[in-house]
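Asks: The structure follows.
Please treat every number below as a calculation from the coordinates, not as lab data. As the structure is a computational prediction, the values presented were derived from the model and not from experiment. FYI the Cβ positions are ideal-geometry reconstructions off the backbone, even for glycines, and counts take in every protein chain you see.
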Amino acid sequence: MRKALAFCLLGLFALAQEVVVYPGFAEVKEPLDLPPSAWVFLAGEKLTRILPGSLRLLGVEERERVFQGSTVLFRYRGEGKATLRYLYTGLSGEVFYTLDEGTLTAWARLKLEGEALRAEKLTLLVGEVRARPVPKMALRALEEAPESPFGLFRYELPPRTLSPGTTELPFLRQGVALERLLRYQAPFRTERFLPLERGYRFRAPFPLAPGELEVVEEGLFLGQALLAAVPEGEVAEVWLGQDLKARLTRKVELLSQTDKEATYRVETRLENPYPYPVALFLSETFPKPFCLDFPGASLLPEGYRLEATLLPKEVRLFAYRLTLPR
């Protein structure tokens, strides 16, 4: 062991040349110039955050690893250029977005525990699966195709030295053509005023991994919502909660009734309060059995679905006949 310690200084200042950050852990590869036969890795406190079974020397034929406290003795056949590789739970990453006046920006959020880490090549992999850093799952992720292991999205980040704590940096930015959305979807209701949900739709200018999206328009914060995974070129859609200006006005008129059923005329009115077009989505469900006469709507077994576009300040009236059991 003492003889092996003489070679440890060769690895003390090794830089983490390649870092691939996953949700919950990172794969770190440090270049080394190994002496013959044996080398000691002085891991220190870092060893407690290295996943068991993930530590290995690439480029030589390993014969033995001996863990003693915070050090690891490697015995191997070979010498010279090699790579120390491990999975490190002290570094994790995620992506989030800002949508400000039609400009979409993707941000990386990297969280590092322990000492600073230099990454000459830094890659962020994020996606739907937010797996805990279980060794078997982590290793299986790394064996998948590099572009989309576990359905993850791959982003190349600029080289940098990561400091302990949380680092946030923008890495993609592009303008998008926004379509403003209003939505009402609920069981049939007879209240005079019905709330609408506000949303946005746009074509993804680059691959969008799942993450929080913050929306700002005309200098005002409009809300945050989870953006689902969207491939580049496909349509992204996000909903921010109740709209504060737009609402539906409803009028229900009884047309006829018998001992078994009643027929109503239902009018739903919307005035677009905005100086831009909005796409309106209406969807209602009814108690069965029911009979619905609604020209222009898509009739479904449980109700209907309708989509319409309203011009700035336009007023639109939607009317249908509905028969329900008494």
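Asks: Can you compute the equivalent ellipsoid semi-axes for the chain, i.e. the square root of 5 times each eigenvalue of the Cα gyration tensor, sorted largest first and rounded to whole Å?
Replies: 60, 21, 14
Asks: Counting only Cα atoms, I'd like the Rg/Rh figure for region 179-325, Kirkwood definition for Rh.
Replies: Working: Rg = 17.7 Å, Rh = 17.0 Å.
For region 179-325, the value is 1.04.
Asks: For SER37, list long-range residues whose amide hydrogen, built 1.01 Å from N in the peptide plane, is under 5 Å from its own amide hydrogen.
Replies: It is TYR76, GLY78, by chain and number.
Asks: Here's another thing I want to ask about it. Which of ARG160, ARG192, ARG183 ends up with the largest GNM mean-square fluctuation for the chain, with Cα atoms connected below 10 Å?
Replies: Evaluated over the chain, the most mobile residue of the options is ARG192.
Asks: Which whole-Hz ³J(HN,Hα) couplings does region 242-248 yield from phi under the Karplus relation 6.51 cos²θ - 1.76 cosθ + 1.60, θ = phi - 60°, glycine and proline marked x?
Replies: 5, 6, 8, 10, 7, 7, 8
Asks: Here's something else I'd like to know. Under a point-charge model restricted to the Cβ atoms of Lys and Arg (+1) and Asp and Glu (-1), what is the dipole moment magnitude of region 179-325 relative to its Cα centre, in debye to the nearest 20? Don't jump to the answer; show the numbers that get you there.
Replies: Details: 19 positive and 21 negative charges, 111 e Å.
Charge dipole of region 179-325: 540 debye, to the nearest 20.
Asks: For the chain, with a Gaussian network of springs between Cα atoms less than 10 Å apart, report the residue from VAL230, VAL176, VAL66 with the top mean-square fluctuation.
Replies: VAL66
Asks: So if I place +1 on the C-beta of Lys and Arg and -1 on the C-beta of Asp and Glu, and nothing else carries charge, what would the dipole magnitude of the chain be about its Cα centre? I want it in debye, nearest 20. Before the final figure, lay out each step's value.
Replies: Details: 43 positive and 42 negative charges, 137 e Å.
For the chain, the charge dipole is close to 660 debye.
Asks: Could you put GLU179, GLU45, GLU27 in order, starting from the residue whose Cβ has the fewest other Cβ atoms within 10 Å? Walk me through the numbers on the way to the answer.
Replies: Values: GLU179 17, GLU45 11, GLU27 22.
Ranking GLU179, GLU45, GLU27 by Cβ neighbours within 10 Å, fewest first, gives GLU45, GLU179, GLU27.
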